[in-house]
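Computed from the coordinates by the stated procedures, all read-outs in this text should not be read as laboratory data. Given the structure is predicted, the values throughout are model-derived calculations rather than measurements. For neighbour counting, all protein chains shown are included, and Cβ atoms are generated from backbone atoms with ideal geometry for every residue, glycine included.
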Ligand SMILES: O=P(O)(O)OC[C@H]1O[C@@H](O)[C@H](O)[C@@H](O)[C@@H]1O
C-alpha cells in the first residue's frame with residue numbers, strides 16, 4: 001500500500017498500477033484488503049506538524065549532559081539517547097540520523113523492521129528514517145542517501161527538562177558522486193513533555209540552485225488488523241494500490257491533523273495542530289510483499305513531494321511534533 005496525499009489539488013484521485021501492496025484507510029477498504037479496520041477511541045496517536053520560517057535551532061551546549069547519553073547501539077553503531085523526567089525516551093542513530101525508538105511512559109511507539117540491518121552501510125529500516133534529497137525512486141537511490149550517511153552531533157541542550165540533540169549532514173564525496181551539490185542539513189530532535197519533536201533545516205551552501213524532495217518515513221508500531229489513520233479526508237490522493245477500484249478521497253481540503261488509531265496505543269484526546277512545511281503525507285504498509293511482518297506497523301510519513309528549489313544561501317525548514325495522547 002502506498003497512498004500519497006496532497007492538500008489543495010482538486011477533487012480527483014489518480015490511480016497508479018505500478019505497485020503491488022494495498023491501501024488500508026478506514027473501513028471503506030475492508031473488503032479489498034481482507035482484514036478489519038476499526039477505530040479505537042481509547043487508542044490514538046496524533047501526528048501534528050508546525051510551520052517555522054526560522055533557520056535557527058537555538059541549541060547550544062556540550063554533548064554529554066543530563067538527559068542525553070551516547071552509547072554503542074546495535075552493531076556497535078553510536079546512538080544518542082534522550083530522556084526527560086516525564087518518562088519520555090528516544091534513541092537516534094548517527095548512521096542515517098534515524099530515530100529508532102520513542103517511548104512514552106515506557107510504551108514503545110515506533111517500529112523497527114525485523115529485517116533492519118545495523119551495519120553502518122545500509123539504511124536502518126524503521127523508526128523515523130530520512131528520505132533526502134529524493135523521496136521514492138528516481139535519479140538517485142531510492143529515498144536518497146541521507147539515511148545511509150553518517151550524521152554528526154553538533155549541539156546538545158537540556159533546558160526545562162527538554163533534552164535536545166542537533167545532528168548535521170554535509171555533502172561529501174559519496175553524496176556529490178550522486179548529487180553534485182553542496183548542502184548542509186541540520187536535524188534537531190527533542191523531547192518536550194510527552195512529545196517527540198523534530199526540526200529539519202536544509203541549506204544550500206553551493207553556488208548554484210538545487211531542488212530536492214524529502215520525507216520523514218515514520219514507522220509506527222501498530223496492529224494492522226485494528227488500525228485506522230484519520231485526517232486524510234478531502235485530500236487529493238495518488239493511490240499506488242492496484243486493487244483499489246475507485247477514488248480514495250474526493251473533495252478538497254488541507255492536510256491538517258493525522259491520527260493513528262490502533263490496538264497498540266492506549267491513548268486518547270486530540271492535540272491541536274498547525275499547518276506545516278511537511279505539506280504532504282504518505283501512508284504505507286507493504287502488505288504481502290513483506291508477508292512475515294507487515295502486520296506490526298503502519299508508516300505515516302510527513303513529506304514534501306513537490307520539489308523544493310533553494311537558491312544559494314537559502315534554506316528550508318520543516319518541523320514535526322508527534323504527540324501520544326494519554327487516556
Ligand atoms: O524499502 P525502503 O526503500 O526502505 O522503502 C520503504 C517503502 O517506502 C514507501 O514510501 C514506498 O512507497 C515503498 O515503495 C518502499 O518500499
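Each part gets one Cα centre, and for segment 173-212 versus segment 125-141 those centres are 13 Å apart.
So for segment 66-170, what are the equivalent ellipsoid semi-axes in whole Å, largest first, each being the square root of 5 times an eigenvalue of the Cα gyration tensor?
In descending order, the three semi-axes are 24, 15, 13 Å.
Summarised as an ellipsoid, segment 121-182 has semi-axes of 26, 14, 9 Å, derived from the eigenvalues of the Cα gyration tensor scaled by 5 and square-rooted, with the largest first.
Residues within the reach of a label modelled at residue 87 (point 7 angstrom out along Cα to beta-carbon, backbone nitrogen below 15 Å), restricted to segment 99-128, are 103-109. Based on the convex hull around the alpha carbon atoms, segment 97-247 presents an average projected area of 12.2 nm².
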